[in-house]
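One structure is given here, and the rest of the page talks about it.
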Amino acid sequence: MIPHPTEEQFLAGHVTPDESREWLESVESEFEHAFQTLGGMRLGVSVFGSARVAPEHPRYALGVEVGRRIAEAGFPVITGGGPGLMQAANKGAHGRDVPSVGLTIELPREEQANPYATTVVPFEHFFVRKTVFVRYSCAFVTLPGGFGTLDELFEALTLIQTGKLQNFPVILIGTEFWSGVVEWLRDALLADGKISPRDLDLITVTDDLDEMIRIIEACVECHTPPSSAL
Ligand code: AMP
């Protein structure tokens, strides 16, 4: 790989014009590597959720079940490749007929991809990775999580709201966890005119995994075959 400044150096503005160009090349090569590794994979379902859930926690079992159901319905399962609910979803998809994908991110504390992600694409740049999640997915399923999960959720909602992304369900699993967030969206953002009533319709909150699969399958019918596989 071409030597280039780290993400931290670039974001802090500690770069010369030449280093900025090297950084740009690293962005391009990261995209290229993802395209090569994921190839013609289509209609994946990205599953997001907390990195901090232990395998003993009931939510981990829910994550495994979510991954299993999506994989059994024939959709590749794409996660951040890390621990917690990412690992759970990859575990549910592991050993089935679809790829169990981990889009890992290089973080200051070194972490390996979880052992259930069998197709792993490493990233240094968060924004490149976020684009790749969307590019290879036809739906986002979001389990309970923290800042990382909310970032991924609101990225998708913004793309849909602004018309950059169409026919793209966003399903929040866990009514107890998510009801407070949805209430806040309604009582603060909608009431204050910051979003429209139809923006709230972009989200489905459910505990019902049959409903999750029905929504994904219904939406897939809207997707046209690719004209080319990058
Ligand atoms: P959080 O909800 O803050 O625990 O962050 C989880 C989300 O952010 C996941 O869906 C990942 O895409 C990303 N993320 C956070 N930590 C990691 C990690 N250690 N490895 C991979 N992805 C991570």
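The values are calculated or read from the model by the stated rules, or taken from the named source; none is laboratory data. If you're wondering where the values come from, they're calculated on a predicted model, not measured in any experiment. Using ideal geometry, Cβ is built from the backbone for each residue, glycine included, and neighbour counts are taken over all protein chains shown. Note: areas computed on protein heavy atoms with side chains; ligands, DNA, RNA excluded. Shrake-Rupley method; radii C 1.70, N 1.55, O 1.52, S 1.80 Å.
Once you list every other residue whose beta carbon is under 15 Å from the beta carbon of Pro76, what net charge do they have if Lys and Arg are +1 and Asp and Glu are -1?
So the environment of Pro76 carries a net charge of +3.
Taking the Cβ of Tyr116 as the centre, find all other residues whose Cβ is under 13 Å away and add up their charges (Lys, Arg: +1; Asp, Glu: -1).
Working: positive: Arg68, Lys91, Arg96; negative: none.
Once positives and negatives cancel, what remains is +3.
Treating only the Cβ of Lys, Arg, Asp and Glu as charged (+1, +1, -1, -1), what charge dipole size does segment 1-113 show about its Cα centre? Round to the nearest 20 debye.
So the dipole magnitude of segment 1-113 works out to roughly 860 debye.
Would you kindly derive the ³J(HN,Hα) couplings of segment 167-178 from the backbone phi angles with the Karplus curve 6.51 cos²θ - 1.76 cosθ + 1.60 (θ = phi - 60°), listing them in order in whole Hz, with x for Gly and Pro?
Each residue's phi maps through the Karplus curve to give 6, 9, x, 10, 10, 9, 9, x, 4, 5, 5, 8 Hz.
Can you tell me the orientation of helix 126-135 relative to the chain, as the angle in degrees between its alpha-carbon axis and the longest Cα principal axis, to the nearest 10?
50 degrees
Please report how far the C-alpha centroid of segment 25-83 lies from that of segment 117-138, rounded to the nearest whole angstrom.
Using only Cα atoms to place each centre, the spacing works out to 9 Å.
Once phi is turned into θ = phi - 60°, what whole-Hz ³J(HN,Hα) does the Karplus curve with 6.51, -1.76 and 1.60 give for every residue of segment 46-60, x standing for Gly and Pro?
Here the 3J(HN,Hα) series is 7, 10, 10, x, 4, 7, 10, 9, 6, x, 7, 6, x, 5, 5 Hz.
Quick one: ranking Phe127, Phe140, Phe35 by accessible area, 1.4 Å probe, largest first, what do you get?
Largest accessible area first, the list is Phe127, Phe35, Phe140.
Among 44-50, 13-19, what's the highest-first ranking by average C-beta atoms within 10 angstrom per residue? Walk me through the numbers on the way to the answer.
On the way: 44-50: 26.0, 13-19: 10.6.
Highest to lowest by the protection proxy: 44-50, 13-19.
If you place +1 on the Cβ of every Lys and Arg, -1 on the Cβ of every Asp and Glu, and leave all else neutral, what size is the dipole of the chain about its Cα centre, to the nearest 20 Debye?
Magnitude of the dipole: close to 460 debye.
Please work out the average accessible area per residue across the chain, using the 1.4 Å probe convention, and give it in Å².
52 Å²
Quantify, in whole percent, the carbon and sulfur part of the accessible surface of the chain (1.4 Å probe; protein heavy atoms only). Display every interim value, and only then the final one.
On the way: 6460 of 11990 Å².
The value for the chain is 54 percent carbon and sulfur by accessible area.
Taking the Cα centre of the chain as the origin and placing charges on Cβ (Lys, Arg +1; Asp, Glu -1), which of Thr175, Leu38, Thr162 is farthest toward the positive end of the dipole?
The residue sitting most towards the positive pole is Thr175.
Can you bin every Cα-Cα distance in segment 120-180 into 5 Å intervals starting at zero and give me the percent of pairs per bin, rounded to whole numbers?
4, 16, 27, 25, 17, 9, 2
Taking the Cα-to-Cβ direction at Asp18 and at Thr162 and moving 7 Å from each Cα, how far apart do the two end points lie in nm?
3.5 nm
In degrees, nearest 10, range 0 to 90: what is the angle between the Cα axis of helix 17-38 and the longest Cα principal axis of the chain?
50 degrees
Is it possible to state the helix-based mean residue ellipticity at 222 nm for the chain, with each DSSP H run of 4+ residues giving -39500 (n - 2.57), the sum divided by total residues, to the nearest 500 deg cm²/dmol? What is it?
Here the helix-only value at 222 nm equals -13500 deg cm²/dmol.
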